[in-house]
Amino acid sequence: ISPYIARTDAVVGDTSGAKRWISGGGSWTTNNFERERDGLYGALQWKKDALSSHLTYFRSKYDMSTTEAALSASANPATIMLDPGAVFDDRGVLLAGTIRAPKDPGVGIGTDSRSTGRTSDTRDVAWNLQWRATDQWVFSGDLQHTRATTDGYDNTVGMGAYAPKEGVDFRSSPPKLTFDDADRAFLANPNNYYWGFTQEHRDEAVAAQNAARLDAKFTFDSPVLNDLRFGVRFTNRSAETRATHGNNQWHEITQPWAVGSDGWQPFSKLAYLSDPRFAGNASAVPFNNFFGGKVATPPSIVVPNLSLSQGTPPPGFTQLHDMVKVLCNGTCSGDALWNYALFGDPESRNLQHEKTKALYAQLRFGFDDLKYPVDGSIGIRYVKTDSTAYGYTVFTPNLPTIPAGVNVVGIDTIPNIAAFANRQNFDNSYHNVLPSLNLRMKPRDDLQFRFALAKAMS
């Protein structure tokens, strides 16, 4: 449901001046998700006398894809009007009514199709060696290497339209958005839509960690003390992420605010599909079995074909942005020009590096001769962490380009912050002391009480 704003003139014929809280409507989405995973695991084990060892290999790969079709209300709640008979609660919040937009061509809506995909792959190799030196002493060591990669995209193509009206009923859960037969016919007709925007995102990342550990255990010959365990652990982890410049690139194809003759608006009109130059590449999408049939089926809407938003970079974006250049007022320049988003440039890379060194000791004990036997452990771990991060703080202003001699009211009040891209390097070192205590009491063979107190870090 779209946000609410306060109005005193929102209902046709209502001159009471009472404050009403108005929503511009709502939106709905259909989403299809598919994931395939394949995994591989293998282990080798060996033992001879006091020595034993094992080697393990693990791999897990995910391929995921999502497609989406959506309609969203984009009506201006500051100008829409409600037909007489709208229902409000005792606080003046809209519950049900019919929304129109008499000051606009109609109730603004937006539709879009979206394609996302991701492939992730993680591989892990680990080796362990154990030596039982005596009946009391056992030593073991571990080496591990983990490497993970992921790459994904998330692209959207949007359209716009002006519906004659929209009915809302927020008294049910989920709420209802209703349209009559004429509205449904309007929304299913591609000629009533214009090309609106594209949004592009892509990312790649790779990370690796090497870890080593050496442990020892001494077993006591004591009625109270069980064993003492202690050891050291080291990790070295690095990660690099590359993404679309600014993470996402949103750019209009044609938008109402970019159409006009004031000198700074680049387009002469919207690129409606009713114009043969802009027709095609879109189709009606029905919403079948919506909410499992619990909600009145929304009307079919026209959305861009999914092929326009698929790929890295999506080839359909060039077609969409090039075809509307015939609508340019003179020539399209500056912000009106579009190119694929930058990828992998220095400002869009992030590097992380972390090293840890840890020491630990743990004592296990048991008082078996008590009336209610108690056993447990007490331990402490010390961890020193050194981390570094390299990246950029980036700001790109989105001020309109005002031609010389054009008078635009209010332009002097727009903050004019210069663009910048500042590389920043950060180093951080810290340490943590992490104690732990675990106790268990066994009053009966079939009843136990446990108590644990510990400090951890993540």
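Figures for the structure shown
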quantity	calculated
Helix-only mean residue ellipticity at 222 nm for the chain, each DSSP H run of n ≥ 4 adding -39500 (n - 2.57), per residue, nearest 500	-1000 deg cm²/dmol
Residues of type aspartates and glutamates that LYS48 reaches as a straight line, Cα spacing below 19 Å, ignoring anything fewer than 8 places off in the same chain	ASP135, ASP142
Additional length obtainable on full extension of the chain from ALA182 to PHE139, 0.36 nm per residue less Cα span	7.5 nm
Spacing of the two label points (7 Å from each Cα toward its C-beta) at VAL12 and LEU453, in nm	7.2 nm
Under 16 Å from LYS455, Cα to Cα: lysines that are on another chain or at least 8 residues apart	LYS384
ARG349 versus ASN305: modelled label distance in nm, points set 7 Å from Cα along the beta carbon direction	3.8 nm
Sites PHE220 and THR119 - FRET efficiency at Förster radius 56 Å, r taken between beta-carbons, to 0.05	0.60
Cβ charges +1 (Lys, Arg) and -1 (Asp, Glu), total dipole of the range 77-229, debye	60 debye
Calculated Rg and Dmax of the range 196-255 using C-alpha coordinates, Å	26.3, 82
Cα-Cα separations in the range 285-444 greater than 30 Å, expressed as whole percent	64 percent
Partners for LYS165 among lysines (Cα-Cα distance below 29 Å; same-chain residues under 8 apart left out)	LYS19, LYS103, LYS176, LYS269, LYS294
Karplus-derived 3J(HN,Hα), 6.51/-1.76/1.60, for each residue of the range 198-211, Hz, glycine and proline x	10, 9, 10, 8, 8, 8, 9, 8, 9, 9, 9, 9, 10, 9
For the range 66-122, convex hull volume per residue from C-alpha positions, Å³	149 Å³
Efficiency of FRET from Cβ geometry, ASP275 and ASN31, R₀ 30 Å, rounded to 0.05	0.45
Förster radius 35 Å - calculated FRET efficiency between LEU399 and ASN189 (Cβ-Cβ, nearest 0.05)	0.40
Dimensions in Å of the range 87-202 - Rg and Dmax from alpha carbons	29.4, 90
Kirkwood Rh, Cα atoms: Rg over Rh of the range 213-342	1.43
Tail beyond 24 Å, pair distance distribution of the range 136-245 (Cα, percent)	67 percent
Solvent-accessible area, 1.4 Å probe, carbon plus sulfur percent, for the range 42-145	55 percent
Accessible surface of the range 276-433 [probe 1.4 Å, protein heavy atoms]: carbon and sulfur percent	55 percent
Heavy-atom accessible area per residue - the range 350-433, 1.4 Å, Å²	71 Å²
Gained length - ASP89 relative to THR385, 0.36 nm times residue gap less alpha-carbon distance	100.9 nm
Virtual spin-label span in nm between GLN265 and ASP63, 7 Å along Cα→Cβ	4.7 nm
Unit charges at the beta carbon, dipole of the chain: most positive-side option, VAL125, GLY260, THR149	VAL125
Alpha-carbon Rg/Rh ratio, for the chain, with Rh computed the Kirkwood way	1.13
Environment charge of SER458, counting only residues whose C-beta is closer than 15 Å and scoring Lys/Arg +1, Asp/Glu -1	+2
Top positive-direction residue, dipole computed over the chain with Cβ charges, set GLY42, MET64, ALA10	GLY42
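The values are calculated or read from the model by the stated rules, or taken from the named source; none is laboratory data. Computed from a predicted structure; not experimentally measured. Glycine also receives a Cβ, built like all others from the backbone with ideal geometry; neighbour counts cover every protein chain displayed. Ligands, DNA and RNA are stripped out before the accessible areas are found, and what is left, the full protein with its side chains, is counted by its heavy atoms. Shrake-Rupley method; radii C 1.70, N 1.55, O 1.52, S 1.80 Å.
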